[in-house]
């Protein structure tokens, strides 16, 4: 054997032995590392079990009736817009109105040169007189010819000729009289007046211009009636199908007699102070958009709304019975969808998958499935929760159900699940072309205005409610529903007059709910009772003195309170109360 061959074999053996040693060291290191990780995980588990339970806030789920108020992008429209068109040709002598301002029915808008038409009237009047003289002569001639013809003193041809002249003169008089009437009408057309009360647009023609009634120059301006005003919005086919399914499943109850009301929020977030009603739903869907048009009518006595404005319309009237509502912050989203943390009987937390529905207000959300009555849901401190480990929960009271008259117009919120009637099964808005509750075709009803809103033009026969809505509170401000959480309960109605003696623990909110008359907001009622009984409250937090007798203002007095100032006053009181109670 050669020396170099032996050397190479020894080197190869040493290399293999080194590789095997390295593998053994790696395996030993991995085993040691795995043991270390297991020890770390075990230590972490022990530490987690030994650390104090995190402090969280939990709410017990209580199904309750809530209003269903879908929102839509809407646009205002004049309830009666009339184009002002010249009916005769002539020179424009005068523009008699202030462009862009309100005009009254019958007010002079334009004056065309009347002189040529006055001449035509005089000429037509002369023609009438001429034909009357001709008729008189023909009648006298016929009176002479007729007896002579009977005695055969004149021929029958003479009699026929006299009769024909009389008939022709009579017909010519009719023609002349019609021409006189036409000339008088044309003269009247030179004076152009407003046919409705409304806002007049700018003039399309200037003074001195020649107006040709047979061309586009005849379009002078338009007058748009704005009190009342229409608000139009579209409802999609998908929304209609969804609401129909929820209505059939009794998760959505339409209002009694399908009285849907709308609140309007302007582009700057301001709540329009008057509430309207839906009075028309298009019977067919648009082939271009797959939606149908819905129209509401609102009072507009202050002319705050103008045609063409974009607004947000909130449809009120439908109710969700037995709805489960939780704060939005309680709902988390993971790879498999939405979930909440539920505290079990042993005070440990578990993950509960849920299916969410519509948003409720600014902070809450509806849970369609996944939660049951009595479940304790973590609503604050969610990031501290570890599934399977105990938590220390502080209970927060769930909002109580609102009184029926605050849920929907006309007490629609009192409708029980499964109630039958002629109401639509689309839930949120009337179905396209749906009939009225009596089975007849849907048509507007009588007008009902507030004391400050006189009937306006163009609104005849329109169903209208001028009841101001409850003004919405800014973000972070307790609302009427949060005030009800303080313990107000519904009871028998309280009529105007006196109420008392007040029982110990009875609150102003509870009394206001029971004393609120139809057509008056909750805030107006609360402020009215407070102003009428300043001595009945203690200095601290405006609590009612036990045993006092309250003066309950009448509906007229309460309606006279400005709804916006009442809302501001109530809002300020709630903010003060929240600040004094640490925001609770």
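Determine which member of the set 311, 325, 315 is over 21 Å from residue 357 (Cβ atoms) and in contact (Cβ under 8 Å) with a residue 60 or more places away in the chain. It would help to see each step written out before you state the result.
Details: 325 fails: over 21 Å from residue 357 (Cβ atoms); 315 fails: over 21 Å from residue 357 (Cβ atoms).
Within the list 311, 325, 315, the selection yields 311.
Say whether the condition of being free of Cβ contacts under 8 Å to residues at least 40 places away in the same chain, over 24 Å from residue 315 (Cβ atoms) and surrounded by fewer than 14 Cβ atoms within 10 Å (Cβ to Cβ) is met by at least one residue in region 204-225.
Within region 204-225 (the criterion being free of Cβ contacts under 8 Å to residues at least 40 places away in the same chain, over 24 Å from residue 315 (Cβ atoms) and surrounded by fewer than 14 Cβ atoms within 10 Å (Cβ to Cβ)), the answer is yes, since at least one residue qualifies.
Go through (1) under 26 Å from residue 362 (Cβ atoms); (2) modelled with pLDDT under 80 one by one and return the number of the condition residue 504 breaks.
(1)
So which residues in region 487-499 are at pLDDT below 80 and surrounded by fewer than 19 Cβ atoms within 10 Å (Cβ to Cβ)? I'd like the intermediate steps shown before the answer.
To start, the set of residues in region 487-499 that are at pLDDT below 80 comprises 487-492.
Within region 487-499, 487, 489, 490, 491, 492 meet the criteria.
Taking the conditions exactly as written (in contact (Cβ under 8 Å) with a residue 12 or more places away in the chain and either within 19 Å of residue 301 (Cα to Cα) or under 18 Å from the mean Cα position of the chain (by Cα) (or both)), does residue 268 satisfy them or not?
no
Anything in region 305-319 that is over 21 Å from residue 241 (Cβ atoms) and not in a strand (DSSP E or B)? List them, or say none.
Correct list: 305, 306, 307, 308, 309.
Just to verify a result, which residue in region 335-348, among those that are touching a strand residue (DSSP E or B) at 6+ places or on another chain (Cβ under 8 Å) and in a loop (DSSP other than H, G, I, E, B), is farthest from residue 56 (Cα to Cα)?
Start the filter on region 335-348 by keeping residues that are touching a strand residue (DSSP E or B) at 6+ places or on another chain (Cβ under 8 Å), which leaves 336-344, 346-348.
If we keep only those that are in a loop (DSSP other than H, G, I, E, B) as well, we get 336, 344, 346-347.
Numbers: 336: 24, 344: 14, 346: 15, 347: 11 Å.
Among those that are touching a strand residue (DSSP E or B) at 6+ places or on another chain (Cβ under 8 Å) and in a loop (DSSP other than H, G, I, E, B), it is 336.
Quick check on this structure: which one of 149, 96, 140 is at pLDDT below 95 and in contact with a strand residue (DSSP E or B) (Cβ under 7 Å, 6 or more places away or on another chain)? Break it down stepwise before answering.
Details: 149 fails: in contact with a strand residue (DSSP E or B) (Cβ under 7 Å, 6 or more places away or on another chain); 140 fails: in contact with a strand residue (DSSP E or B) (Cβ under 7 Å, 6 or more places away or on another chain).
Only one candidate passes the filter, namely 96.
How many residues does region 543-571 hold that are part of a loop (DSSP other than H, G, I, E, B) and either in contact with a strand residue (DSSP E or B) (Cβ under 6 Å, 6 or more places away or on another chain) or closer than 17 Å to residue 275 by Cα (or both)? Lay out the reasoning, then the answer.
Here is the first cut: in region 543-571, the ones part of a loop (DSSP other than H, G, I, E, B) are 543, 545-549, 553-554, 560-562.
Of the ones still in play, those that are also either in contact with a strand residue (DSSP E or B) (Cβ under 6 Å, 6 or more places away or on another chain) or closer than 17 Å to residue 275 by Cα (or both) are 549, 560-562.
Selection size over region 543-571: 4.
Mind listing whichever residues of region 108-126 are in contact with a helix residue (DSSP H, G or I) (Cβ under 9 Å, 6 or more places away or on another chain) and buried (at least 18 other Cβ atoms within 10 Å of the Cβ)?
112, 114, 117, 121, 124
Consider residue 232 carefully, then state whether it is surrounded by fewer than 17 Cβ atoms within 10 Å (Cβ to Cβ), touching a strand residue (DSSP E or B) at 6+ places or on another chain (Cβ under 6 Å), at pLDDT 85 or above and under 22 Å from residue 290 (Cβ atoms). Please lay out each step first, then the result.
Values: surrounded by fewer than 17 Cβ atoms within 10 Å (Cβ to Cβ): yes; touching a strand residue (DSSP E or B) at 6+ places or on another chain (Cβ under 6 Å): yes; at pLDDT 85 or above: yes; under 22 Å from residue 290 (Cβ atoms): yes.
Yes.
Only one residue in 377, 351 is at pLDDT 90 or above, surrounded by fewer than 16 Cβ atoms within 10 Å (Cβ to Cβ) and part of a strand (DSSP E or B), so which one is that? Before the answer, list the steps.
Values: 377 fails: surrounded by fewer than 16 Cβ atoms within 10 Å (Cβ to Cβ).
It is 351.
Which residue, of 129, 142, 159, 154, is without any contact (Cβ under 8 Å) to a residue 40 or more places away in the chain, in a loop (DSSP other than H, G, I, E, B) and either farther than 30 Å from residue 305 by Cβ or not assigned by TED's automatic domain parsing to the domain that holds residue 191 (or both)?
154
The values are calculated or read from the model by the stated rules, or taken from the named source; none is laboratory data. On a predicted model such as this, the values are computed, not experimentally measured, just so you know. With ideal geometry, Cβ positions are generated from the backbone for all residues, glycine too; neighbour counts draw on all protein chains shown.
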